[in-house]
1. If you scan the stretch 145-163, which residues turn out to be part of a loop (DSSP other than H, G, I, E, B) and not charged (D, E, K, R)?
2. Of all the residues that make up the stretch 89-120, how many are closer than 16 Å to Val145 by Cβ and either charged (D, E, K, R) or surrounded by 13 or more Cβ atoms within 10 Å (Cβ to Cβ) (or both)?
3. Of the numbered conditions (1) surrounded by fewer than 12 Cβ atoms within 10 Å (Cβ to Cβ); (2) touching a residue at least 60 places away in the same chain (Cβ under 8 Å), Glu174 fails exactly one; give the number of that condition.
4. Please name all residue pairs, on different chains or six or more residues apart, with Cβ atoms under 6 Å, provided the first residue is in the stretch 85-113 and is closer than 24 Å to Pro157 by Cα and the second residue is part of a loop (DSSP other than H, G, I, E, B) and charged (D, E, K, R).
5. Test Val142 against the criterion of being in contact with an Asp or Glu (Cβ under 9 Å, 6 or more places away or on another chain), touching a residue at least 40 places away in the same chain (Cβ under 8 Å) and either in a strand (DSSP E or B) or not basic (Lys, Arg) (or both), and give yes or no.
6. Find the residue count for the stretch 16-56, including only residues that are closer than 25 Å to Glu120 by Cα and crowded, with 18+ Cβ neighbours inside 10 Å.
7. Would the stretch 59-76 turn up any residue that is over 30 Å from Ala166 (Cα atoms), surrounded by 14 or more Cβ atoms within 10 Å (Cβ to Cβ) and touching a residue at least 40 places away in the same chain (Cβ under 8 Å)?
Amino acid sequence: MSRIGKLAVPVPKGVTATVDGQKVTAKGPKGQLEFTVPDRVIVKQLEDGSIKVDPVNEEREARSMWGLSRTMILNLMTGVTEGFSKNLQINGVGYRAAISGKDLELSLGFSHPVKYPIPEGIDIKCPKPTEITVTGIDKQRVGQVAAEIRKYRPPEPYKGKGVKYADETIVRKEGKKK
């Protein structure tokens, strides 16, 4: 039995959630999101407004989709009320980031600045030249954008130079010995 899947998803104040067959839609102060639940899971809205997810049968795949679907629906509710954010840090001499128009401009030690076009629905801020904050209502898209930015120059293990997540720890290696 899924401990996560058993719990009903509460609908916060100010959010209207609708269940239409396998499609769950959440509309809140930050926007609107929808998620199509897999066929191996039944989703229904209770009288108190919360959303309950149950597996169709006791097969392994149905049980694995049960907890996933409940978490995805909870992410919809969190996204339309609070939103999600990822913080990135840039380490290295001369490495910096800046917003120029609708692009994020990164200086990462290449012979040219890297321009990353900011996708629709995602907000990127640079409070300091060495910090990037990616925010949005869709958790998957926020994580994907942060991963794409990090991919330009992942942190290397010897000096720790590169773009890393703020909560990431880099396992450092010792250099050559004489």
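1. The answer is Tyr152, Pro154, Pro155, Pro157, Tyr158, Gly160.
2. 15
3. (2)
4. Asn91/Lys161; Gly92/Lys161; Leu108/Arg153
5. no
6. Matching residues across the stretch 16-56 total 6.
7. The answer is yes; a qualifying residue exists.
No lab work stands behind these numbers, since they all come straight from the coordinates. From a predicted model like this one, the values you see are computed outputs, not experimental measurements. Reconstructed Cβ throughout: ideal geometry from the backbone, glycine too, with neighbour counts over all protein chains shown.
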